[in-house]
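Just below is one structure, and these are the notes that go with it.
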């Protein structure tokens, strides 16, 4: 069934679940089973166990590493390529936000400070 409102026959077709190949169903069910087993592994075990100290210490850095993996590429790239000019509002906003955080250690102030720098540069100067 085609979606209404498509131009020049470039319509996306809705997936009709009853027409999928058996290997697609097998793949979906296999991935679901692997997900349930790996995520429920700790509940399946009958005895209590503790992570090694090195693993606990490493997991302390997981949230900041995940945040950096999302934020840093957004600051230093534009459409998948490194930015080619220093006249980018994101650079100055990130620097101002980082300076505020290291000075005051407040998350709300970091956001406000970064946006107070970003918005005038982006909207006022068109960076």
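Could you work out how much longer the chain between residue 59 and residue 116 gets when fully extended? Use 0.36 nm per residue separation minus the Cα distance between them, nm to one decimal.
Using 0.36 nm per residue and subtracting the Cα-Cα distance, I get 17.2 nm.
Which of these, 38, 19, 77, has the largest mean-square fluctuation under a Gaussian network model of the chain (Cα springs below 10 Å)?
Residue with maximal mean-square fluctuation among 38, 19, 77: 19.
Please work out the FRET efficiency for the pair residue 107 and residue 37, using the Cβ-Cβ distance as r and a Förster radius of 35 Å; give the result to the nearest 0.05.
For R0 = 35 Å, the calculated efficiency reads 0.45.
Quick one: among 89, 99, 33, which has the greatest mean-square fluctuation in a GNM of the chain with alpha-carbon springs under 10 angstrom?
Of the options given, 33 has the highest mean-square fluctuation.
Pick from 21, 87, 79: which residue has the top mean-square fluctuation in a GNM of the chain where Cα pairs under 10 Å get a spring?
21
Every read-out reported here was derived from the displayed coordinates using simple, explicitly stated rules and does not represent laboratory data. All values derive from a computational prediction rather than experimental measurement. Neighbour counts are summed over all protein chains in view; Cβ atoms, including those assigned to glycine, are modelled from backbone coordinates with ideal geometry.
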